[in-house]
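For reference, the structure is listed below as structure tokens.
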Amino acid sequence: MAASSRAQVLRLYRALLRESQRFSCYGYRTYAIRRIKDAFRENKNITDSEKIEELLNKAKANLQVIQRQVTIGEMYATEKLVIEYPIDIQPRKASNPETTLAHLQHPTVPPRTETAPRTETAHAHV
Amino acid sequence: HGTSTGPKPIPSQPHSMTISLWLSPCHHLSVEAISLAYLRQENVPNSAPAAMPTAKPIMKPIFILSKQLGWVVCVPQDPRVLDSMLPYLTAYYGNPHSRTHAYGWESEAAMEKARRQVADLIGADSREIIFTSGATESNNMAIKGVARFYKSRKKHIITTQTEHKCVLDSCRSLETEGFHITYLPVKKNGLVDLKELEAAFQPDTSLVSVMTVNNEIGVKQPIHDIGEICRARNVFFHTDAAQAIGKIPMDVNNMKIDLMSISGHKIYGPKGVGALYVRRRPRVRLEPLQSGGGQERGLRSGTVPTPLAVGLGAACEVAQQEMEYDHKRISQLAERLVTKIMSEVPDVVMNGDQKHRYPGCINLSFAYVEGESLLMALKDVALSSGSACTSASLEPSYVLRAIGTDEDLAHSSIRFGIGRFTTEEEVDYTVQKCIQHVKRLREMSPLWEMVQDGIDLKSIKWTQH
């Protein structure tokens, strides 16, 4: 009984984590993975078989919720958040204070030369 | 205005326009509204030839920061909430008030289950929960409803200066109907002074309205004590608990609350739904705002939106389960944010009491920094609709004014919202950007230079030109 339920728990744990990785929304993905790990860690010392069964049922239900929501998320996915990009193509730290607000200048102002190299590196990442 | 004479920017549509707003017959304010699509482009227009696709990927801002002016940040819905709502938006589409067929019965069962879930979160009975369109409607119902019902004998209402706009506006409209309202001032830390509250009571006071957690500075009012005071004097106690529900434990019997406003989208539920708790024992009578078929105990006629109500119920249940875990995590993240910023940058003030607060709402004032510039510089983390360039009013928040913040500090205050889905990376990113831009803006500031030289700014006599 103990051996099979341990295997069962591990199987569920891996399935939950694998499914949560597929969330397209950053917040949901990070929350699901974090919460799953913390919940399993919190309950790892429970020995009462009834309680274990109850928790496993809850986990199975949550797995189904995650599967459905992952699919829906994929259908309505949007652009990635700024924080999901590697640090080198995130909006650059301004060396010249005025370049931070360069994009707000009227379009007839000639572009600053510093932005030209930035577009080239961005091309490489696309 | 807005179209270039050179090669067209991508996408080629007007990216900004000047709007004139009339504040009064002789003053108007010109505001430049900048389109969101244009703001998101990291390229300066004309720098890339029209033939090449936009090089920089469009990056959405992260929702952690917002200018004050109310709870502007929209929190995402919890996926568990959406999952509970979808069946009622697809297959189970019946009207919960139709008593004659199965579609109606299922909807009604779902609605009643949601009612029970909301009631369980606050320790109430499910018959005491009325579904509304949001906390604004609940606040209006509670204040205007109670005031008007008892208006033959009681014409006085007590509230505070830091309440949400809808509460203050409801009170203002009651003033035109002949009621007198006492707007209690708050102490420097944002909390209500209980002695002043007791002194404000009059023989014809019908209602006291104090919000539990303030949406701008995050202070938590002494609801227990206020409840005791009101119960002792037989005056109804209403609290706007929109920010507190699901985040701190609330019990309407323990706290002696007679009316409570609940908002769906503040607890990771859907927008457009809320609830009002109306005590049945001792009975609180309300004059309904909305007339109609008598739904919701006659207090709020209109078809209850089953999917939204189900979502609210699910959000409340999830919040109850996750309250302890979320609170611990949010406290840690808040501690991290504040400690990091305050250790790197001097002259930062936290608005509101340090101890009696909800940790997920932090309001910091950065001295000697221009607030609007800071917000624009932090646009990666700022909620674009809250930014100063599209808001019509440049007035600092009335809440900050009520706690006695100086004008200049009030203008340079930023409100950070940390929630269930906030990650450590987002907090670190925000902190890093904030520190970077505060330092940069201070370097440009002549006031900062003067302070560094030891000049006391308050002693300066500015000359008029």
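The values are calculated or read from the model by the stated rules, or taken from the named source; none is laboratory data. Predicted model, so just to flag it, every value in this text is computed and none were measured. Glycine gets a Cβ as well: all are built from the backbone with ideal geometry, and neighbour counts include every protein chain shown.
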Inside the range B:275-288, can you point out the residues that are charged (D, E, K, R) and free of Cβ contacts under 8 Å to residues at least 40 places away in the same chain?
B:ARG281, B:ARG283
Which ones in the range B:114-124 are surrounded by fewer than 22 Cβ atoms within 10 Å (Cβ to Cβ) and under 20 Å from B:GLY294 (Cα atoms)?
none
From the list B:GLY272, B:GLY292, which residue is free of Cβ contacts under 8 Å to residues at least 24 places away in the same chain and surrounded by fewer than 19 Cβ atoms within 10 Å (Cβ to Cβ)?
B:GLY292
Being away from chain B (no Cβ under 12 Å), at pLDDT below 95 and either surrounded by fewer than 18 Cβ atoms within 10 Å (Cβ to Cβ) or under 27 Å from A:GLU79 (Cβ atoms) (or both): is that true of A:GLN8 here?
yes
What residue, of B:VAL369, B:VAL381, is more than 13 Å from every other protein chain (Cβ to nearest Cβ) and modelled with pLDDT under 90?
B:VAL369
Report whether or not B:PRO79 is more than 30 Å from B:ASN234 (Cβ to Cβ), within 14 Å of chain A (Cβ to nearest Cβ) and under 24 Å from the mean Cα position of the chain (by Cα).
yes
Evaluate the range A:64-76: report whether one residue or more is loosely packed, with under 14 Cβ neighbours inside 10 Å and either in a loop (DSSP other than H, G, I, E, B) or in contact with a Gly (Cβ under 8 Å, 6 or more places away or on another chain) (or both).
yes
Can you find a residue that is within 17 Å of B:VAL349 (Cα to Cα), surrounded by fewer than 20 Cβ atoms within 10 Å (Cβ to Cβ), modelled with pLDDT of 85 or more and out of contact with any helix residue (DSSP H, G or I) (no Cβ under 9 Å at 6 or more places or on another chain) anywhere in the range B:403-418?
yes
Restrict the check to the range A:19-30 and report whether at least one residue is over 30 Å from B:CYS434 (Cα atoms), assigned to a helix (DSSP H, G or I) and modelled with pLDDT under 95.
no
Which one is surrounded by the fewest Cβ atoms within 10 Å (Cβ to Cβ) among residues in the range B:295-332 that are of a type outside the set (Asp, Glu) and within 12 Å of chain A (Cβ to nearest Cβ)?
B:LYS328
Unmet requirement for B:GLU216, which otherwise passes all of (1) modelled with pLDDT under 95; (2) surrounded by fewer than 20 Cβ atoms within 10 Å (Cβ to Cβ):
(2)
For the range B:162-185, enumerate the residues that are modelled with pLDDT under 95 and of a type in the set (Lys, Arg).
B:LYS165
List the pairs whose first member sits in the range A:26-52 and is more than 19 Å from A:ALA7 (Cβ to Cβ) and within 12 Å of chain B (Cβ to nearest Cβ), whose second member is modelled with pLDDT under 95 and surrounded by fewer than 17 Cβ atoms within 10 Å (Cβ to Cβ), and whose Cβ atoms are under 7 Å apart, counting only residues at least 6 apart or on separate chains?
A:TYR26/A:GLU84
So which pairs qualify, if the first residue must be in the range B:337-349 and surrounded by fewer than 15 Cβ atoms within 10 Å (Cβ to Cβ), the second must be not in a helix (DSSP H, G or I), the Cβ gap must be under 9 Å, and the two must be at least 6 apart or on different chains?
B:MET342/B:VAL348; B:MET342/B:MET350; B:MET342/B:LEU364; B:PRO346/B:ALA367
B:PHE131: passes all of (1) part of a helix (DSSP H, G or I); (2) within 20 Å of the chain's Cα centre (by Cα); (3) buried (at least 24 other Cβ atoms within 10 Å of the Cβ) but (1)
Going residue by residue through the range B:176-187, is there one that turns out to be in contact with a helix residue (DSSP H, G or I) (Cβ under 6 Å, 6 or more places away or on another chain), surrounded by fewer than 23 Cβ atoms within 10 Å (Cβ to Cβ) and closer than 27 Å to B:GLN320 by Cα?
no
If a residue must be touching a Gly at 6+ places or on another chain (Cβ under 9 Å) and surrounded by 19 or more Cβ atoms within 10 Å (Cβ to Cβ), how many such residues does the range B:188-210 contain?
2
